[in-house]
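Engineer: A single structure is presented below for examination.
The values are calculated or read from the model by the stated rules, or taken from the named source; none is laboratory data. Keep in mind that what you see is a predicted model, and the values were worked out from it rather than measured. With ideal geometry, Cβ positions are generated from the backbone for all residues, glycine too; neighbour counts draw on all protein chains shown. Please note that ligands, DNA and RNA were not included when accessible areas were found on the heavy atoms of the full protein model with its side chains. Shrake-Rupley method; radii C 1.70, N 1.55, O 1.52, S 1.80 Å.
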Amino acid sequence: MESPNKNQAPGSTPPPDPKKKPVDLLPGPKIPMRGLILWLALFCLMMLTFQYYKGEQQVVTEMSYNPDFVQLVESGKVPECEVVAEISGNQYIRGHQKDIDPRTGKPKQFKVDVMVTDDMPEWLRKNGVAFKFRRESPYFWQIVSSALPVLLLLGLLWFMFSRQMKGMGQGAMSFGKSRAKMLNRDKNKVTFKDVAGVEEAKEEVQEIIDFLKDPKKFQKLGGRIPKGVMLMGPPGTGKTLMAKAIAGEADVPFFSISGSDFVEMFVGVGASRVRDMFEQGKKSAPCIIFIDEIDAVGRSRFSGIGGGHDEREQTLNALLVEMDGFDTQEGVIIIAATNRPDVLDPALQRPGRFDRQIVIDLPTLEGREAILKIHARGIKLATTVDLRRVARGTPGFSGADLANLMNEAALLAARSGKEAVAIDDLEEARDKVKWGRERRSRVLDDKEKKITAYHETGHALAGLLVEESEPLHKITIIPRGTAYLGATMQLPEKDRYMDGKLKLKGILCTLMGGRVAEEMFFGDITSGARSDLKQATRLARLMVCDWGMSETLGPQTFGSHEELTFLGRDISRGQEFSEDTSRKIDAEISSLLRESHDRARELLEKNRDKMELVAKALLERETLDGRDVKDLMTVGRILPESEREPEPEPGEPVVTPVPTGVVPLEVVAEA
């Protein structure tokens, strides 16, 4: 045991022992080199400014040694001075006098060129002058003062140029390098547990995951895994999330790049980046290369109209060649995503390139419920919340819409000071996401409010009285979104993928209910039905021209076949029907609209008393629930919750093929 230090006072801290191993201190924050250079340049600029200012403030008088300097010293007017010897051999004396310079208010400065002799120090000492010797090089400051401004200017130009180049292509000499971002196995934590509502798509990509995990399983049978997978679907359905989940399940590196990252202002950069991206993928094999929004670079090539050189077309050619050149046995899988598969070049979708095309569609009822459960993991829900009920009320919502719904509900509950998110918050968030936020700041006068109330009541009653109508969700005269002065909202009980002629005629009648109500109760019509008429005309044209629902024209379509000009396809196709047929189409559309208008008037005239009752209640409460309207029409008053019968459970969704051009499932008629 070591003995204590005898000289140490009792209770004092012993001195540190140099033989002990020093404790490693935590390293401080590193100063960025760019910031250090900037601070150094600023310091040099300040020093130059100080030297210039100091030189301007000092007025130095050059004088002769004999008799001027000798007289000053012997008269006692020089308190101190410096004897300076330069490296070049020049010598001089500088200092200040006791007299004050009236121009600067400071002692007068002087300089005397003289060769210092051995007896000069003794002479200065005898006359009471304090002195000291100094050796200096004047060339250093001359070089610094002349070269530093040029260096600062060059440094500033280099700094600006380097920032510009890094913003454009990761450095001045990296234009052709791929800008794909790589997610390692440790960073990519997304798996199929985080993806819901796309069970069929999961099954289709499962063999790709198995191949990346165990390539020999497929190679021994001679099978070839698809080179590329094209994920297609509406925006917000989870195409990017699916690609990340595939990489997470396979536990391989994941390269992500956008289609727009290939094309730059420099010719040949896109093709070079495509080649570099495939080289990176081969070095990290097995891996997944994900190209998001591939339609930005994969659009159909021009047919030569106008000539010229298209950088995007050359990039697409490079992508096609690279996909032909690499082998899937190397373990590189290309996954692309787009919501515009109709504009892609046919060469991109042929077998051997993107062999497999997977459609990721809007989720069904079961899928919406599963997605809501995923997004509800980090949200505190009330015990009475039924996510299946929320899923039934959100037909047509994508995964992104459902995520936004849950987030909006949490924000609404937090703004109200609630401890948990209730079902009312979820329903209000659904209405906000789908139809817009209530705009109570838009104040309507009594006449406008009354017209809006009867207009919306006409929509609601017409919708309830026609065949195969969807359940009424609510009617309101509170403005929502950007264009709604009021709204009548209907939500289907289940997912529907096709509608019959009888149901479509009922929708037309519902859309005409608002205009008819204005005519019945005010003897005038307003501009509030503009959107209703637009939607009704579009629906009637689809029924006649696309779906063959006209008895006069028969089962025939009359769609337009003109292609988009920028695709370079045939744009000179003429109309496939005569002028006489065109007049018949217009007459049939007009007949459908007039028939729907007359039918709406007939239904509302028979229920005029009920309509007035609902409109007065709507003016009083501003918003009525679907059950409130039902109570007013059946018993003449709004029943309390205790007197109402429980609602029947809606049926399960019926999944059928989706016809092209189907109208929206919900009907929103606004004033």
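Engineer: Looking only at segment 586-603, filter to residues that are out of contact with any Leu (no Cβ under 6 Å at 6 or more places or on another chain) and aliphatic (A, V, I, L, M); which one of those is most open to solvent (accessible area, probe 1.4 Å)?
Structural biologist: ALA587
Engineer: Sticking with this structure for a sec: Restricting attention to segment 213-241, report how many residues are outside any loop (DSSP other than H, G, I, E, B) and under 17 Å from ALA403 (Cα atoms).
Structural biologist: The qualifying residues number 3.
Engineer: From the list THR488, THR457, exactly one residue is of a type outside the set (A, V, I, L, M), in contact with a Gly (Cβ under 8 Å, 6 or more places away or on another chain) and touching a residue at least 40 places away in the same chain (Cβ under 8 Å). Which is it?
Structural biologist: From the options THR488, THR457, the qualifying one is THR488.
Engineer: Then there is this: Give segment 474-486 a look and list any residue that's over 13 Å from THR510 (Cβ atoms) and either part of a strand (DSSP E or B) or not polar (S, T, N, Q) (or both), or say none.
Structural biologist: Taking segment 474-486 and keeping what is over 13 Å from THR510 (Cβ atoms), we get 474, 476-486.
Across segment 474-486, the qualifying residues are LYS474, THR476, ILE477, ILE478, PRO479, ARG480, GLY481, ALA483, TYR484, LEU485, GLY486.
Engineer: Go through segment 490-506 and give me each residue that's part of a helix (DSSP H, G or I) and more than 12 Å from LEU593 (Cβ to Cβ).
Structural biologist: LYS501, LEU502, LYS503, LEU504, GLY506
Engineer: So which pairs qualify, if the first residue must be in segment 313-335 and within 20 Å of GLN357 (Cβ to Cβ) and charged (D, E, K, R), the second must be modelled with pLDDT of 80 or more and part of a helix (DSSP H, G or I), the Cβ gap must be under 9 Å, and the two must be at least 6 apart or on different chains?
Structural biologist: That search, which allows pairs on different chains as well, returns GLU322/VAL274; GLU322/ARG275; GLU322/MET277; GLU322/PHE278.
Engineer: Now a separate question. Considering every residue within segment 433-452, establish whether at least one is surrounded by 22 or more Cβ atoms within 10 Å (Cβ to Cβ), more than 30 Å from GLY378 (Cα to Cα) and touching a residue at least 40 places away in the same chain (Cβ under 8 Å).
Structural biologist: The initial filter retains those residues of segment 433-452 that are surrounded by 22 or more Cβ atoms within 10 Å (Cβ to Cβ), namely 451-452.
Imposing the further condition that a residue be more than 30 Å from GLY378 (Cα to Cα) reduces the set to 451-452.
With the extra rule that they be touching a residue at least 40 places away in the same chain (Cβ under 8 Å), the set shrinks to 451-452.
Scanning segment 433-452, I find at least one residue that is surrounded by 22 or more Cβ atoms within 10 Å (Cβ to Cβ), more than 30 Å from GLY378 (Cα to Cα) and touching a residue at least 40 places away in the same chain (Cβ under 8 Å), so the answer is yes.
Engineer: Now for a separate question. Out of the residues in segment 433-455 meeting the condition of being within 30 Å of ALA400 (Cβ to Cβ) and not basic (Lys, Arg), tell me which one is modelled with the lowest pLDDT. Let's see the steps before the verdict.
Structural biologist: Initially, segment 433-455 is screened for residues within 30 Å of ALA400 (Cβ to Cβ), giving 433-442.
Right, trim to not basic (Lys, Arg) and you get 433, 435-436, 438, 441.
Working: VAL433: 84, TRP435: 74, GLY436: 76, GLU438: 72, SER441: 64.
Among those that are within 30 Å of ALA400 (Cβ to Cβ) and not basic (Lys, Arg), it is SER441.
Engineer: Being under 30 Å from GLU322 (Cα atoms), buried (at least 20 other Cβ atoms within 10 Å of the Cβ) and out of contact with any Lys or Arg (no Cβ under 6 Å at 6 or more places or on another chain): is that true of PHE397 here? Give the derivation first.
Structural biologist: Numbers: under 30 Å from GLU322 (Cα atoms): no; buried (at least 20 other Cβ atoms within 10 Å of the Cβ): yes; out of contact with any Lys or Arg (no Cβ under 6 Å at 6 or more places or on another chain): yes.
The answer is no for PHE397.
Engineer: Which pairs do you get when a residue that is modelled with pLDDT of 80 or more, found in segment 177-200, comes within reach of a residue that is assigned to a loop (DSSP other than H, G, I, E, B), reach meaning Cβ atoms under 7 angstrom, with the pair 6+ apart or on two chains?
Structural biologist: Going by the 7 Å Cβ cut-off, the qualifying pairs are VAL195/GLY238; GLY197/PRO363; VAL198/GLY238; VAL198/ILE360.
Engineer: Across segment 507-527, what is the total count of residues that are in contact with a helix residue (DSSP H, G or I) (Cβ under 8 Å, 6 or more places away or on another chain) and under 25 Å from GLU588 (Cα atoms)?
Structural biologist: The first filter runs over segment 507-527 and keeps only residues in contact with a helix residue (DSSP H, G or I) (Cβ under 8 Å, 6 or more places away or on another chain), leaving 507-522, 524-526.
Still in the running and under 25 Å from GLU588 (Cα atoms): 507-517, 519, 525.
Residues that pass the stated criteria total 13.
Engineer: It is to be established whether one or more residues within segment 361-377 are out of contact with any Asp or Glu (no Cβ under 9 Å at 6 or more places or on another chain), at negative phi and at pLDDT below 85.
Structural biologist: Checked segment 361-377: no residue is out of contact with any Asp or Glu (no Cβ under 9 Å at 6 or more places or on another chain), at negative phi and at pLDDT below 85.
Engineer: For segment 604-618: of the residues being open to solvent by less than 60 Å² (accessible area, probe 1.4 Å) and assigned to a helix (DSSP H, G or I), which is farthest from HIS459 (Cα to Cα)? Let's see the steps before the verdict.
Structural biologist: Taking segment 604-618 first, the residues open to solvent by less than 60 Å² (accessible area, probe 1.4 Å) are 604, 607, 611, 614-615, 617-618.
After this cut, where a residue has to be assigned to a helix (DSSP H, G or I) as well, the list is 604, 611, 614-615, 617-618.
On the way: LEU604: 10, MET611: 10, VAL614: 12, ALA615: 11, ALA617: 15, LEU618: 13 Å.
If we take residues in segment 604-618 being open to solvent by less than 60 Å² (accessible area, probe 1.4 Å) and assigned to a helix (DSSP H, G or I), then ALA617 is farthest from HIS459 (Cα to Cα).
Engineer: Specify the residue that is modelled with the lowest pLDDT; the eligible residues are those in segment 242-275 that are surrounded by fewer than 18 Cβ atoms within 10 Å (Cβ to Cβ) and assigned to a helix (DSSP H, G or I).
Structural biologist: So the residue we want is SER260.
Engineer: Just give me the residues in segment 100-119 being open to solvent by 50 Å² or more (accessible area, probe 1.4 Å), assigned to a loop (DSSP other than H, G, I, E, B) and in contact with a strand residue (DSSP E or B) (Cβ under 8 Å, 6 or more places away or on another chain), in sequence order.
Structural biologist: Those that are open to solvent by 50 Å² or more (accessible area, probe 1.4 Å), assigned to a loop (DSSP other than H, G, I, E, B) and in contact with a strand residue (DSSP E or B) (Cβ under 8 Å, 6 or more places away or on another chain): LYS106, MET115.
Engineer: Same structure, new question: Check GLY281, GLY298 and return the single one that is under 18 Å from ALA337 (Cβ atoms), over 26 Å from the mean Cα position of the chain (by Cα) and either of a type outside the set (Lys, Arg) or at pLDDT 80 or above (or both).
Structural biologist: Numbers: GLY298 fails: over 26 Å from the mean Cα position of the chain (by Cα).
That would be GLY281, the only listed residue that is under 18 Å from ALA337 (Cβ atoms), over 26 Å from the mean Cα position of the chain (by Cα) and either of a type outside the set (Lys, Arg) or at pLDDT 80 or above (or both).
Engineer: Of everything in segment 400-423 that's exposed (fewer than 15 other Cβ atoms within 10 Å of the Cβ) and of a type in the set (D, E, K, R), which residue is farthest from the chain's Cα centre (by Cα)?
Structural biologist: Here the answer is GLU419.
Engineer: Pairs, please: C-beta under 8 Å, at least 6 apart or cross-chain, first residue within 12 Å of GLU82 (Cβ to Cβ) and in segment 108-120, second open to solvent by 60 Å² or more (accessible area, probe 1.4 Å) and in a loop (DSSP other than H, G, I, E, B)?
Structural biologist: GLN109/GLN58
Engineer: What are the pairs, 6+ residues apart or on separate chains, where a residue within segment 388-399 that is assigned to a loop (DSSP other than H, G, I, E, B) has its Cβ under 7 Å from a residue that is polar (S, T, N, Q)?
Structural biologist: Matching pairs, first to second residue: SER398/THR237.
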